[in-house]
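Since the structure comes first, as structure tokens, the remarks are kept for the end.
The values are calculated or read from the model by the stated rules, or taken from the named source; none is laboratory data. Nothing here was measured: the structure is a model prediction, and the numbers come from that model. Because the Cβ atoms are built from the backbone with ideal geometry, glycine has one as well, and the counts that use them run over all protein chains shown.
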Amino acid sequence: MRLEAFLAHPALEGLREALQEPPGGHVVAEGHRLLSTRQPKGVKLSARARPQGLWVELELAQGLSLPGPLHLCFALLRPRGLQRVNLRLLAGRTSRATIISHCIFPNPLGIRHLMRAQVLLQEGAELSYEQIHIHGPEGGLVVEPRAQVELQRKACYRADFALLQGRAGRLSIHYVVKAQEEAAAELVARGQARGQDQVCLREEIHLLGKASRGLIKARLALRERAQGLIEGITVGAAPQARGHVDCLEVLAQEAQGRAVPMVEVRHPLARVTHEAALGRLQRAQLEALMARGLSPQEAEEMLIQGILRK
Amino acid sequence: MLLELRRLSFKARGRYILRDLELSLKEGELHALLGANGTGKSTLAYIIMGCEGYRPQGGEIIFAGRRINHLPLHERARLGISLAWQEPARFEGLSIREYLGLGKALSAEQCLGMVGLEPAVYLERPLDRTLSGGQRKRVELAAVLALAPRLALLDEPDSGIDMLSLRDIAKVLRRLKDWGSTVLLITHRKEVARVADRASLLCAGRVVFTGAPPETAWHYTHRGCPLCDGRRCHEA
Ligand SMILES: Nc1ncnc2c1ncn2[C@@H]1O[C@H](COP(=O)(O)OP(=O)(O)OP(=O)(O)O)[C@@H](O)[C@H]1O
Ligand SMILES: [Mg+2]
């Protein structure tokens, strides 16, 4: 498949526009085939496609400041198939970059998407890693993103996982971040599920270095018979380490949810806090929106999108 | 008549909140509803809007010649009924612009201007607990204004609003009237009721008096109720 033909798919509109932004680099893959790669200046990019999976390696040069986002696209346009992605990312000392990963499965009936990422931020590097998931309405998919992230001294990592459209299917996220001295990590995950979807968001931050910081923020909206679990784990193991876990789930219809914030302190001068809220969509809010002319479904959708945004 | 309530009764936990209530609103009229705390004013507004848990056990709600007792809230909204809540809900992650954008009669900017909130400051603010009570109430009034509804139920739009801003409320009421909206204005203030065409007084779940606003207000402030002198003779 050629890149142009691939990008012509209606589900890829957002990506099409993103790839036109100068002058970022990109890796675009459908299934286990690479459709296009572009290496921006200062980045060593290697991408290989094998029948068993994709191997993508990115190395950001020391001191590099990437002017625009680097886009990764992992899609499966067919209704069935397997996609394994192995991603290695190294951000050199004091480099700064934004990476946006688009995972697009427009009509999944039997799809497995397995992502294994290893990320290393060297001293003072700053990386923002956004994952935008766009799933079709069928829900026939298994999505398992896994990431191990190491933050050296003063490195700063921000990740945002967003599934705002379509069904979650069986989604299981597991991210582990280890932060050294004065490093900072912020993990945000926002997802919604319906039908028989099952979602597990497990995020861990280990504050190993002095004055390291961590924030976990998870938002999950569950409708119909969906089931969800949020596990936000922060371990404070060094003096002046500060962490916070903030989990919020909203439920509608027969959906079931659990939120488990787990905080652990292994050093007397570390401080880790948490908050968790789990609740039904409020009748008063739904009625206020319906009194302005929205249908019950539209009112529900508007409330949920609001909650996922915050 | 745009709205006719006939022998409306509503019971909650075995107790009558409204009992054989009769009220008619003429098309295009601004009708004030007065009454002491707990007489059933908000309950009446919820029943007309069709809020959950507020199905009358007896009586008729006739809107534009059609019985709407069985219609759910959102379908009543589509017929042109809207409500500004006495204590409006808060929304996390929803901006004032989005909330007001649900109405198409006036732009969000114009509506905010009409209720005395500077659009440049307020449009993008979230509709959450960071707004003061009075600010949230003004946004609620603006949201109903944005819809230019056929019937606007305004539940104490003036409570929690400072004296100076009462003028903004009068401006909104005039605008709704110019558009031909019918307004049921629930209030405790004589000076607000005075702008109405007619006013009714509620006592213990019944309309006990309807007439010119000054006369209704006089009964309300001097006697509480013309029938029972405020002792709530109708209470079972
Ligand atoms: N769902 C309900 N269940 C039980 N009692 C209710 C319910 N709704 C209202 N009531 C009672 O009905 C009465 C009327 O309440 P309502 O809120 O309508 O009064 P109001 O006239 O609007 O008063 P205020 O001036 O204080 O706003 C009160 O005694 C209230 O406690
Ligand atoms: Mg009231």
B:GLY103, sole failed condition from (1) among the small types (Gly, Ala, Ser); (2) within 14 Å of chain A (Cβ to nearest Cβ); (3) more than 30 Å from B:GLU191 (Cβ to Cβ)
(3)
Would a scan of segment B:54-70 turn up a residue that is within 14 Å of another protein chain (Cβ to nearest Cβ), touching a Ser or Thr at 6+ places or on another chain (Cβ under 6 Å) and either part of a loop (DSSP other than H, G, I, E, B) or closer than 25 Å to A:ARG283 by Cβ (or both)?
no
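Residue by residue, here is whether (1) hydroxyl-bearing (Ser, Thr, Tyr); (2) more than 13 Å from ligand 1 (Cβ to nearest atom); (3) surrounded by 18 or more Cβ atoms within 10 Å (Cβ to Cβ) holds:
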{"residue": "B:ARG15", "(1), (2), (3)": "no, no, no"}
{"residue": "B:LEU21", "(1), (2), (3)": "no, no, yes"}
{"residue": "B:TYR46", "(1), (2), (3)": "yes, no, yes"}
{"residue": "B:MET49", "(1), (2), (3)": "no, no, yes"}
For segment A:262-275, indicate whether the set of residues that are within 11 Å of chain B (Cβ to nearest Cβ), part of a loop (DSSP other than H, G, I, E, B) and buried (at least 18 other Cβ atoms within 10 Å of the Cβ) is non-empty.
no
Name the strands (runs of 3 or more DSSP E) wholly inside segment A:71-154 in which the number of residues that are touching a helix residue (DSSP H, G or I) at 6+ places or on another chain (Cβ under 8 Å) and either surrounded by fewer than 22 Cβ atoms within 10 Å (Cβ to Cβ) or not aliphatic (A, V, I, L, M) (or both) is 1 or more.
A:96-105, A:126-135
Here the residues within segment A:276-290 that are more than 7 Å from chain B (Cβ to nearest Cβ), out of contact with any helix residue (DSSP H, G or I) (no Cβ under 6 Å at 6 or more places or on another chain) and among the aliphatic types (A, V, I, L, M) are A:ALA276, A:ALA277, A:LEU278
Can you list residue pairs whose Cβ atoms sit under 6 Å apart, with the first residue in segment B:51-67 being under 16 Å from B:GLU4 (Cα atoms) and the second being of a type in the set (Phe, Trp, Tyr) and modelled with pLDDT of 95 or more? Count only pairs 6 or more apart in sequence or on different chains.
B:PRO56/B:PHE10
Considering every residue within segment B:35-50, establish whether at least one is among the hydrophobic types (A, V, I, L, M, F, W, C), within 16 Å of ligand 2 (Cβ to nearest atom), at pLDDT below 95 and closer than 30 Å to B:ARG174 by Cβ.
yes
Scan segment A:286-307 and tell me whether some residue there is assigned to a loop (DSSP other than H, G, I, E, B), surrounded by fewer than 18 Cβ atoms within 10 Å (Cβ to Cβ) and hydroxyl-bearing (Ser, Thr, Tyr).
yes
